[in-house]
Amino acid sequence: MLTIKENLRETMKKDGHPDRYVKQYEFLDILVPDLYYMGDYPLIPNTQGYDQFGVLWSFPEGQMGPFPVHDDEHRVLKDITQWREIVHKPFIPDDPGYWGMLNGMAAGVDRTQKYVCALQTQGIFERLHALMGMEDAMCNFYEEPEEMHALIDFLTEIELDFAKAMVERVGIDAVLHHDDWGSVASTFLSPDMFNEFILPAYKKIYGYYKEHNVLIVHHNDGFAATLVPSMIEMGIDIWQGVIPSNDLPALLEKYAGQITFMGEIETRLLDVPDWTPELVREEVERACRKGGPHSFIPCLTAGMPFTAFPGVGDAVNAEIDRMSSILL
């Protein structure tokens, strides 16, 4: 029987020989919340608080996570031309005890089985609209492209600071990085605009990780099939969050072996109060038969290895095991 990491590596190959489906996030041991959400960032429902950028986040009851507040009182960046005075680099702790704690956690991971993984829960595009709101962000790509390029360069420096801290101080060998680039039906930016503004930033960020042999898992639970060539160019190993509207079989036919697709099991359908084992079984079987054993990892599309409602994740894992026994 292959180890968890060996099975993942075989799965990622176009003609590999996995002996079972990879079960969701089983290959990652995620050590730490995003450093930049330190402060009063809300982690439980019915709370709210500010992150280190000054963005107010609210976590409504019944939702998977918090959302930025963008009314006139709380929107951080109302004029893109003023970003240099308003947007500042977040504080990275320099406390030896903090890094000692993380190193202790990393030392407890069996690296023959799992990757020691850092978490970056908001990327360049999401940080832009968290600061100024989605409408202003989208308008500024057209109306203030030079300022947007300059702000993206600054945010890229921040991400590189985080990457260097996690590589040099902890010795991570994987990163789970979030940045949603599309709705259910389409990307937020055209491929050309994405390649102009977003791709260069990630080539720097993910290029640094690649230089240090870090596995790159990028979460984006929306439509982004038209951005896959850019994902490959920037160095993503695994696209996590692939929803059915992306046409997984077509993606696998074209890109298997170049990038691995992780998802297809829609969180919004299963992670609900009235979920049933029967619905989980149906959805997992559909996903596994649709994706097959190569360059595909069946997984709930949400970007973290936990669910809002107890039992859903365990039921999904059990059904993935069942499909392994049938198909592999």
When the stretch 139-170 is examined, which residues are found to be among the small types (Gly, Ala, Ser) and either under 19 Å from the mean Cα position of the chain (by Cα) or modelled with pLDDT under 95 (or both)? ALA163, ALA165
Which one is nearest to LEU252 (Cα to Cα), of the residues in the stretch 270-328 that are of a type in the set (Val, Ile, Thr) and within 22 Å of the chain's Cα centre (by Cα)? ILE297
Hey, can you tell me all the residues within the stretch 283-296 that are under 14 Å from GLY257 (Cβ atoms) and among the hydrophobic types (A, V, I, L, M, F, W, C)? PHE296
Are there any pairs with C-beta distances below 6 angstrom linking a residue in the stretch 316-328 that is acidic (Asp, Glu) to a residue that is assigned to a helix (DSSP H, G or I), with the two at least 6 apart or on different chains, and if so which? GLU319/VAL280; GLU319/ARG281; GLU319/VAL284
Kindly indicate whether any position in the stretch 203-215 is open to solvent by 10 Å² or more (accessible area, probe 1.4 Å) and either among the hydrophobic types (A, V, I, L, M, F, W, C) or closer than 18 Å to ARG268 by Cα (or both). yes
Is there a residue being free of Cβ contacts under 8 Å to residues at least 12 places away in the same chain and among the polar types (S, T, N, Q) anywhere in the stretch 190-209? yes
Six or more apart or on different chains, Cβ atoms under 8 Å: show the pairs whose first residue is in the stretch 147-171 and on the phi > 0 side of the Ramachandran plot and whose second is assigned to a helix (DSSP H, G or I) and open to solvent by less than 10 Å² (accessible area, probe 1.4 Å). GLY171/ALA106
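Residue by residue through the stretch 238-250, note down the ones that are surrounded by 20 or more Cβ atoms within 10 Å (Cβ to Cβ) and touching a helix residue (DSSP H, G or I) at 6+ places or on another chain (Cβ under 7 Å).
From the stretch 238-250, those surrounded by 20 or more Cβ atoms within 10 Å (Cβ to Cβ) are 238-243, 246, 248; that's our starting set.
Residues satisfying the conditions are TRP239, VAL242, ASN246, LEU248.
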Only residues that are under 19 Å from PHE141 (Cβ atoms) and among the aromatic types (Phe, Trp, Tyr): list them for the stretch 51-86, please. TRP83
Answer yes or no: is there a residue in the stretch 73-80 that is touching a strand residue (DSSP E or B) at 6+ places or on another chain (Cβ under 6 Å) and not polar (S, T, N, Q). yes
I'd like to check which helices (runs of 4 or more DSSP H) are fully inside the stretch 84-176 and have at least 1 residues that are open to solvent by 20 Å² or more (accessible area, probe 1.4 Å) and within 29 Å of ASN7 (Cα to Cα). 96-107, 145-169
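Among the residues that make up the stretch 270-278, is at least one of them over 18 Å from MET64 (Cβ atoms) and surrounded by 15 or more Cβ atoms within 10 Å (Cβ to Cβ)?
Within the stretch 270-278, the first condition is being over 18 Å from MET64 (Cβ atoms), and the residues that meet it are 276-278.
Going one step further and asking which of them are surrounded by 15 or more Cβ atoms within 10 Å (Cβ to Cβ), we end up with none.
Looking through the stretch 270-278, none of the residues is over 18 Å from MET64 (Cβ atoms) and surrounded by 15 or more Cβ atoms within 10 Å (Cβ to Cβ).
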Quick check, is MET262 crowded, with 20+ Cβ neighbours inside 10 Å and in contact with a Lys or Arg (Cβ under 8 Å, 6 or more places away or on another chain)? no
Do you know which residues across the stretch 177-193 are in contact with a Phe, Trp or Tyr (Cβ under 7 Å, 6 or more places away or on another chain) and either closer than 21 Å to PRO93 by Cβ or part of a helix (DSSP H, G or I) (or both)? MET193
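Is it the case that the stretch 288-295 has a residue that's closer than 21 Å to LEU199 by Cβ and touching a residue at least 24 places away in the same chain (Cβ under 8 Å)?
From the stretch 288-295, those closer than 21 Å to LEU199 by Cβ are none; that's our starting set.
No, the stretch 288-295 contains no residue that is closer than 21 Å to LEU199 by Cβ and touching a residue at least 24 places away in the same chain (Cβ under 8 Å).
Evaluate the stretch 57-64: report whether one residue or more is open to solvent by 40 Å² or more (accessible area, probe 1.4 Å) and under 23 Å from TRP239 (Cβ atoms).
Initially, the stretch 57-64 is screened for residues open to solvent by 40 Å² or more (accessible area, probe 1.4 Å), giving 60-64.
Filter again for under 23 Å from TRP239 (Cβ atoms), leaving 64.
Within the stretch 57-64, one or more residues are open to solvent by 40 Å² or more (accessible area, probe 1.4 Å) and under 23 Å from TRP239 (Cβ atoms).
Do you know which residues across the stretch 284-301 are open to solvent by 20 Å² or more (accessible area, probe 1.4 Å) and modelled with pLDDT of 95 or more? Can you show your working first?
Narrowing the stretch 284-301 to residues open to solvent by 20 Å² or more (accessible area, probe 1.4 Å): 285-286, 289-290, 293-294.
GLU285, ARG286, ARG289, LYS290, HIS294, listed by residue number.
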Can GLU233 be described as farther than 16 Å from TYR25 by Cβ, open to solvent by 60 Å² or more (accessible area, probe 1.4 Å), at pLDDT 95 or above and not small (Gly, Ala, Ser)? yes
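The values are calculated or read from the model by the stated rules, or taken from the named source; none is laboratory data. Everything quoted here is computed from the prediction, not taken from an experiment. Cβ: placed from backbone, ideal geometry, glycine included. Neighbour counts: every protein chain shown. For the accessible areas, the whole protein counts, side chains as well, though only heavy atoms, and no ligand, DNA or RNA atoms are used. Shrake-Rupley method; radii C 1.70, N 1.55, O 1.52, S 1.80 Å.
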